[in-house]
Every structure is written in C-alpha cells, then in structure tokens.
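Structure record follows, encoded as structure tokens.
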Amino acid sequence: MTKRIAFIGTGGTLSNAGTSPTDYLSYLDVGKVLDARSVLDMHPHAQDNAHIDVIDFGSLRSKWIGVGHWIKLSRLVTQLLKDDEYDAVVLSHGTGTLEETAFFLHMTVDSDKPVVIVGAQRPPVTLGSDARTNFLDAITVAASPASIGQGVMVVMDRTIHSARDVTKAGNHVLNAMQSFVRGPLGVVRADGTVEFYRSSGKRHTCNSEFKSVTDLNSENLPRVDIVSAYTEADGVAIDAFVGSGAEGIVIIGFAPGTATAKLDASMDQATAKGIEIVLATRASMDPYVVQRNSLSERKLIANTDITPQNARTLLQLCLTLKYTHERILKVFNEY
C-alpha cells in the first residue's frame, strides 16, 4: 500500500533557490528561500513510491528558528500523525540548527510513526548538490516500515542518524552530519533500500515524559544559557546570565569535566541560588561526564553523551515541568 507522507517545509539550504551553479557561499545571505510546494516541484520522482501532501510552515533560514517554532512544529507533527491519513512526516530544515529542532521534536512528538528531518549542504542548483538525493532518501526512510519506533531521524549523505546523537561537524562537506559517540542508525543503499544497524535507544517521542510540554499554554521555555570554559576563563558570563534571569546553565568544561577556579566559584554561587547547572565537556568523541562525588556535593548535573546544545534543551524541558534537582539527575540518565 502506498504510504501517505506529510512534507513540512521550513526552509534552509535544501529550499534555497541559490544564485548560480558555482555559488557555494553568497546564497547564505542573498539566495531566495522557496516555499514547500516549490521544493517538492524540484523533486518530480519523490512521489513515485509515496503520496506526499505539502504543508508550508515557513521559508526560513535556520538561524531564525527558535523555541516558538519548535513548539508549533511539535504540535503540528503530533496532530498530523494522530490522523490515520498520514504514515510519516518529512520536514526540511536548515543545517545550522537542524540538530536542535530535531532533538526537541525527538523529546516531544507524541507518536511512534517516522519523523524525518532533512537538509542539504548545497542548494539544488549548484554543481554537486546533495539536495535532491537527500530529499529522495528522506522520503524513502519515512516510508520504510523499519523506521517505525525510531523516533525523530535526520537523513543526509545517505546516512540515517538519531536526533539524539547527531551534530553538524563540518561547514561545507557533504558528510557534515555525524553521530560521533553511538554512530548512525543506518543507511540508504545505492539501490534505494533502507538498512538499520541499531535502534535509537533511550526514551523518546511517545515514550517520553516531555510530550506533554507542548500542551502547555506557552510559546517559550525557561531561559538556559551555555558558557564555555577556556584558559583563564572567569565567571563574568555565568554571573551575567544569572542576573538576566537564567534558570539553568550548561557549562562546556574541559575534558573530562573540569573548569577554571573562577568558573567553579561562580558555578557554586549560582547553584546556591537554586540555578541548575549541567557540566558538559568540549570532548566530542567521548563527551560523557561521570557523576563523581565532588560534582554531586556541589549540586552539579553531569552531562551524558548528548551535545551541550541538546543538554540545554533537555534542561529547559525539565525546568518547564518544574522538576527537582534529583529528578533532573534521573532524566539525564534516562534520556
């Protein structure tokens, strides 16, 4: 039976009209971002194996997308997939912030049906563009029965990633999206078949306790900021964020989870005021921070193997539901 897929267009390079076949840069500033119908029209073979309905969310650059868009998208995707009419959702997105939108949806969409987010590194008109292949692969993965229950997936460069694990690791290369720690979920083969190596693991989508967040009457999440450690870093940024109303902060510390003395002092002052602080590291290959005794004594939350930006989102979700420090610790172990 032919799968019915809802295609939500939000913009990004995949949707950019570009400026010339050899322009790989200026389109970022001056290229026109096309609507979803125009994007689908550029892929005449996309409906060979699936019926696709277009839903135009916006023609945006990824740097413009924020929490308000996340919440609206989560509500929209959940509603579409509750309807028996749709078997899956494919969503186009700019790659700059694609991973953050993907993780939020992975935590909040209330469905086990496939959700695939797709982007491109080069506009469709440029030489060597990955846009058409990525789009067709996204439709293929969304239509695959093996994708059910995998949560939100990111499909680019013939590779299937879990939204929990993926990060953009390159500016211009076609294999920019990588899952450093756990590896990709699977691949799309040259013959168009889909193979999964593993399941997405951990809690997500319809098994997530955060699927209720988008039911709240709000378009915002609590303020959580990110501070990076570096040689001689002081606590000015932490103090400023606390003064600006931050309820939580993610520290990108040195590997394997340390910071300068001045950062430590400001972190301790912040936790004494009830600010929740997650300690991550700048190590991308093995980022897991072990919850050692000194961190527990200081009321710090050790990050696991998710990126600092995803740790920020996860902390925002916890603070939205007004979780205690102890429950936040549990969440970071489960997700």
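For the cross-link pairs Lys113/Lys330; Lys32/Lys322; Lys63/Lys262; Lys32/Lys72; Lys32/Lys211, the ones whose C-alpha atoms lie over 30 Å apart are Lys32/Lys322; Lys63/Lys262; Lys32/Lys211. Ordering of 119-130, 208-219 by packing is 119-130, 208-219, highest average first (other Cβ atoms within 10 Å, averaged per residue).
Please work out whether the stretch 184-243 counts as rounded, prolate or oblate from its C-alpha gyration tensor, where a ≥ b ≥ c are the square roots of the eigenvalues and a/c under 1.5 means rounded, while otherwise a/b larger than b/c means prolate and anything else oblate? Oblate, since a/c reaches 1.5 and b/c is not below a/b.
Working note: Karplus 6.51/-1.76/1.60 with θ = phi - 60° gives the stretch 187-192 the couplings 9, 9, 6, 4, 8, x Hz, where Gly and Pro are set to x. Using all pairs of distinct alpha-carbon atoms, the Kirkwood hydrodynamic radius of the stretch 221-334 works out to 13.6 angstrom. Label separation (Glu232 vs Ala272): 2.7 nm, computed from points 7 Å beyond Cα along the C-beta direction. Note on Val54/Glu326: beta-carbon distance plugged into 1/(1 + (r/R0)^6) with R0 of 41 Å gives a FRET efficiency of 0.35. The C-alpha atoms of the chain define a longest principal axis, and helix 67-82 lies at about 50 degrees to it. Computed packing ranks the peptides 328-335, 92-99 as 92-99, 328-335, most packed first, by mean other Cβ atoms within 10 Å. The stretch between Lys63 and Asp215 holds 52.2 nm of extra length on full extension. This uses 0.36 nm per residue minus the Cα-Cα distance. With the simple model of a label 7 Å out from the Cα in the direction of the Cβ, Glu334 to Thr193 spans 3.8 nm.
Projected label points at Ser244 and Arg37, each 7 Å from Cα along the beta carbon direction, are separated by 4.0 nanometres. Each residue of the stretch 126-132 was assigned a 3J(HN,Hα) from its phi angle through the Karplus curve 6.51 cos²θ - 1.76 cosθ + 1.60 (θ = phi - 60°); the sequence is 7, 5, x, 5, 9, 4, 5 Hz, with glycine and proline shown as x. Of the peptides 160-170, 290-300, the order by per-residue mean of other Cβ atoms within 10 Å, starting with the highest, comes out as 160-170, 290-300. Panel order for Lys273, Lys82, by other beta carbons found within 10 Å of each beta carbon, from fewest to most: Lys273, Lys82. Against the chain, whose longest principal axis is taken from its Cα atoms, helix 308-320 shows a tilt of about 80°.
Every number in this text was worked out from the coordinates using simple rules, so none of it is lab data. None of these values were measured; they are calculated from a predicted model. A quick note on method: Cβ atoms are made from the backbone with ideal geometry, for glycine too, and the neighbour counts reach across all protein chains shown.
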